[in-house]
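Step one of this worksheet: look at the structure below.
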Amino acid sequence: MSLLLLFDLSLQGRAGVRGLEFLQPDGTLATRTFGELEAASNRLARLLRARGLATGDRLAFFLQNRPEVIELWLAAVKLGLILIPVNVLYRARELAHILTDAAPTAVVTTPDLAAHLPAGTAVWDVTALAAAAAGEEATRIAAPADADTPLSLIYTSGTTGAAKGAVLTQGNFATNALTLVTAWRISAADRFLCSLPLFHVHGLANGIHCWLLSGCVLRLTERFEHARAAAWFEEFRPTLFFGVPAMFIRLLELPADQARVFGGRLRLAVSGSAPLPAEVHARFRELYGSVILERYGMTETLMNVGNPYEGERRPGTVGLPLAHVALRVCDEAGVTVPVGTSGEVWVKGPNVCAGYWRRPEATAAAWRDGWFRTGDIGVLAPDGYLTLQGRRSDLIISGGFNIYPREMEELLLEQPGVKEAAVVGTPDPVRGEVPVAYVVAGLEFDEAAVAARLREQLASFKQPRAFVQVPALPRTALGKVQKHLLPPWRA
């Protein structure tokens with residue numbers, strides 16, 4: 001089933017209903033009815049077609065949360081375009097890689113963000129694009145599409161090397177939304193506060209698609225701001241909130257009496273994108289009177305596993321396989337291990353992406369006999385609850401964002417005075433993990449200059465929390481760095 005058909009079935013008779021509220025940075029509220037979103041996306045689709053875009057063409061967006069992202073997404077569904085969401089925190093090195101690899105026709109962005117794009121990038125200003133689209137007809141155009149029609153390339157470091165574009169189809173997004181709306185009982189009666197970035201699958205695949213499928217009211221903010229969260233909860237009175245652990249940790253700072261009132265209205269709080277500490281789970285329940293539902297997904301697979309809506313939401317676990325997912329825990333040979341034994345989590349289902357963009361070797365390595373190898377190490381309890389224990393690789397997850405150490409290490413080795421470099425994740429009470437750089441330094445090493453260079457080239461969440469100078473990196477006889485033998489860093 002195509003996404004457009006799914007949305008039409010859900011939103012029948014709701015054209016005049018206010019569906020979207022956007023809290024602008026200046027505090028004012030912009031609103032859209034479902035009918036206005038339909039008309040705006042139709043106009044935009046016509047404009048994009050007039051600019052030469054057709055089914056299968058690629059278009060990137062490099063934007064903070066705003067209604068135009070949703071209109072662009074709906075227009076892409078209608079035209080059969082492949083959209084490429086780009087993290088607004090990315091800088092020169094990351095942007096150059098993604099734009100070279102995906103080769104989009106243009107990047108939809110704002111003047112301030114456009115300044116970070118590589119020279120020569122075709123840029124379409126989002127405000128000018130919306131103004132031009134306003135002159136187009138509002139009647140719908142729709143290219144033929146089905147579940148296998150590609151809709152997005154979403155870049156992920158995954159478990160190996162440079163970021164790869166996961167090819168996500170309309171069927172992937174439709175399956176994910178149908179499953180979550182059913183499992184979490186999301187309906188038109190809900191009020192959904194979304195502060196997750198729409199360039200990430202958590203906000204885009206879960207947030208936007210569950211909203212459109214259910215027809216509930218969505219309050220979108222440009223980003224999460226813990227200083228304003230209390231006002232948002234008080235004014236909007238959400239029944240649904242999706243977040244990452246760092247957001248829930250910030251929400252624990254609210255006064256107990258205020259938190260209890262908010263929690264009484266909150267039907268469901270969902271955490272994902274990084275492990276939720278059991279302590280935060282317990283403190284949130286005590287403070288808000290609401291039990292966080294932790295779940296587990298990936299860019300390549302969207303949602304795989306979740307704690308139940310009804311039943312035990314077990315702290316420290318990510319719950320049970322969702323209705324559309326087959327799951328195994330396997331050893332290195334691909335043999336299913338006994339219950340209670342650690343192994344790599346393998347999944348299969350209509351949620352799994354179509355492969356990696358132009359990376360046949362990476363695709364072949366990640367799939368075996370129809371099963372996707374997640375790279376996550378986990379263990380199943382006798383009753384089916386899955387507990388994740390870490391990555392098969394040394395991927396760092398900080399505040400819900402993936403950091404692949406190799407990328408940072410390669411850049412460090414380009415800097416004067418850096419002879420060797422290793423980057424590892426260290427626990428952080430707010431972000432889950434933060435990167436720390438261990439360097440073997442020569443006389444020319446200038447820590448401040450290296451830090452400045454990294455700020456120019458990499459996103460803020462990838463900046464090392466500290467530089468630790470060591471005389472040598474511990475290595476095996478074959479020269480592999482043994483990161484677990486590096487001296488622990490303490491703030």
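Nothing in this text is a laboratory measurement; each read-out follows from the coordinates by a stated rule. These figures come from a predicted structure and were not determined experimentally. Reconstructed Cβ throughout: ideal geometry from the backbone, glycine too, with neighbour counts over all protein chains shown.
General observations
- Here the peptides 451-458, 89-96, 190-197, 70-77 are ranked by packing, the mean other Cβ count within 10 Å, and the order with the highest first is 70-77, 190-197, 89-96, 451-458.
- Tail beyond 12 Å, pair distance distribution of segment 49-92 (Cα, percent): 62 percent
- Applying 0.36 nm per residue to the separation of Asp331 and Ser187 and subtracting their alpha-carbon distance, the gain on full extension is 47.8 nm.
- For Lys419, the aspartates and glutamates whose Cα comes closer than 15 Å to its Cα, not counting residues fewer than 8 places off in the same chain, are Glu409, Glu410, Glu444, Asp446, Glu447.
- Taking amide H atoms as placed 1.01 Å from N in the peptide plane, the amide H of Arg219 lies under 5 Å from those of Glu21, Phe192, Leu193, Cys194, each 5 or more residues away in sequence or on another chain.
- Beta bridges per DSSP, both residues in segment 3-377: antiparallel share near 50 percent.
- Per-residue ellipticity at 222 nm from helix content only, as computed over the chain with -39500 (n - 2.57) for each DSSP H run of at least four residues, stands at -9000 deg cm²/dmol.
- Shown here is the pair-distance distribution of segment 396-485: with all Cα-Cα distances grouped in 10 Å bins from zero up to the longest one, the shares run 17, 51, 29, 4 percent.
- Overall form of segment 21-172 per C-alpha gyration tensor (a/c, 1.5; a/b vs b/c): oblate
- Shown in residue order for segment 135-148 are the 3J(HN,Hα) couplings computed by the Karplus curve 6.51 cos²θ - 1.76 cosθ + 1.60 at θ = phi - 60°: x, 8, 5, 9, 6, 6, 10, 8, 7, x, 8, 9, 4, 8 Hz (x for Gly and Pro).
- Counting only the Cα atoms, segment 199-263 fills a convex hull of 89 Å³ per residue.
- Under 19 Å from Lys78, Cα to Cα: aspartates and glutamates that are on another chain or at least 8 residues apart: Asp8, Glu36, Glu38, Asp57, Glu68, Glu136, Glu137, Asp146, Asp148
- Partners of Lys483 within straight-line reach, counting aspartates and glutamates whose Cα lies under 12 Å from its Cα and excluding those fewer than 8 residues away in the same chain: Asp394.
- Packing-based ranking, highest mean first, of 364-375, 262-273 given that Cβ atoms within 10 Å are counted: 262-273, 364-375
- Shape index of segment 216-314: Rg/Rh, with Rg the Cα radius of gyration and Rh the Kirkwood radius from the inverse mean 1/r over Cα pairs, equals 0.94.
- Diffusion constant of the chain at 4 °C, which comes from Stokes-Einstein with the Kirkwood Cα-pair radius and 1.567 mPa s, µm²/s: 55 µm²/s
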